[in-house]
């Protein structure tokens, strides 16, 4: 689904950069500025610094004179404002609204499935709804917020649940929250696995076995492990290292520790002997 973030009368260049960064983090790149304070805002140093690498979003960004120009192709508009307006659209949290849109999309899919068997007139009223094809998220000026007339044009007013005594968010933070919630509603991204558990990076069974032999030798030398009665210490350590999916580098570290233990013990005088000194 086409998604667009629209900043109206932005007065701080850094917020444009922060918005671009927040968008790229969530996989969006359609940013439109309506009559920003700085005509060269996309080239200002503060903008580029706050974008922190999201320069491709800034390169695609468009600057337009009116909100009408920014809304071309958008079929569902979401205002962002903490204070509900009289006669304005309903106010709800982003997650609540996006869940409603998801259900509406399912209704639309069911309606499309019936097209081959029935006409629009024959279709039950509940199946005539259509899901939005273009989502537009509107953010007002840092100093004045969104104008009433702009809010009234929207289908919903999104209010981020926050501390009632201190609920103000800057544009970059608010956009990040809404972009995150919208990305979740669209299916989200898969979590990136830790490097230590990525297939191909874990130590193989032979490396683990060699390390365990080395470690066992050091534990016996320390007197921690009795070779005559080992019980289940080594099998349990084996299971622990398998769960941890240790890497070859970590195996190297553990063997280095075992080697240092053995060297330290070997350097000590044998029990029952006395060191001699030159007198």
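The values are calculated or read from the model by the stated rules, or taken from the named source; none is laboratory data. In this text the structure is predicted, and so the values were computed from the model without any measurement. Neighbour counts run over all protein chains shown; Cβ positions are idealised from the backbone, glycine included.
Of the conditions (1) at pLDDT 90 or above; (2) exposed (fewer than 10 other Cβ atoms within 10 Å of the Cβ), residue 257 clears all except one; give me its number.
(2)
All but one of (1) assigned to a loop (DSSP other than H, G, I, E, B); (2) closer than 14 Å to residue 6 by Cβ; (3) touching a helix residue (DSSP H, G or I) at 6+ places or on another chain (Cβ under 8 Å) hold for residue 73; state the number of the condition that does not hold.
(3)
Suppose the filter is over 23 Å from the mean Cα position of the chain (by Cα) and buried (at least 19 other Cβ atoms within 10 Å of the Cβ); does residue 74 pass it? Talk me through it step by step, then tell me what you get.
Numbers: over 23 Å from the mean Cα position of the chain (by Cα): yes; buried (at least 19 other Cβ atoms within 10 Å of the Cβ): yes.
It is true that residue 74 is over 23 Å from the mean Cα position of the chain (by Cα) and buried (at least 19 other Cβ atoms within 10 Å of the Cβ).
Restricting to the stretch 27-53, give me the number of residues that are buried (at least 22 other Cβ atoms within 10 Å of the Cβ) and farther than 25 Å from residue 147 by Cβ.
Summing the residues that are buried (at least 22 other Cβ atoms within 10 Å of the Cβ) and farther than 25 Å from residue 147 by Cβ in the stretch 27-53 gives 1.
Among the numbered conditions (1) surrounded by fewer than 16 Cβ atoms within 10 Å (Cβ to Cβ); (2) assigned by TED's automatic domain parsing to the domain that holds residue 18; (3) in contact with a helix residue (DSSP H, G or I) (Cβ under 7 Å, 6 or more places away or on another chain), tell me where residue 133 comes up short.
(3)
Take residue 106 and decide whether it is at pLDDT below 95, part of a helix (DSSP H, G or I) and surrounded by 17 or more Cβ atoms within 10 Å (Cβ to Cβ).
Spelling it out, it is not the case that residue 106 is at pLDDT below 95, part of a helix (DSSP H, G or I) and surrounded by 17 or more Cβ atoms within 10 Å (Cβ to Cβ).
Pull up the stretch 82-103, narrow it to residues that are modelled with pLDDT of 75 or more and assigned to a loop (DSSP other than H, G, I, E, B), then point me to the one that is nearest to the chain's Cα centre (by Cα). It would help to see each step written out before you state the result.
Filtering the stretch 82-103 down to residues modelled with pLDDT of 75 or more leaves 88-103.
From what is left, the residues that are assigned to a loop (DSSP other than H, G, I, E, B) are 88-90, 93.
Working: 88: 32, 89: 29, 90: 28, 93: 19 Å.
Per the stated criteria, the residue is 93.
Check 37, 50 and return the single one that is assigned to a loop (DSSP other than H, G, I, E, B) and either farther than 30 Å from residue 185 by Cβ or within 25 Å of the chain's Cα centre (by Cα) (or both). Explain how you work it out, then say what you get.
On the way: 50 fails: assigned to a loop (DSSP other than H, G, I, E, B).
Answer to the check: 37.
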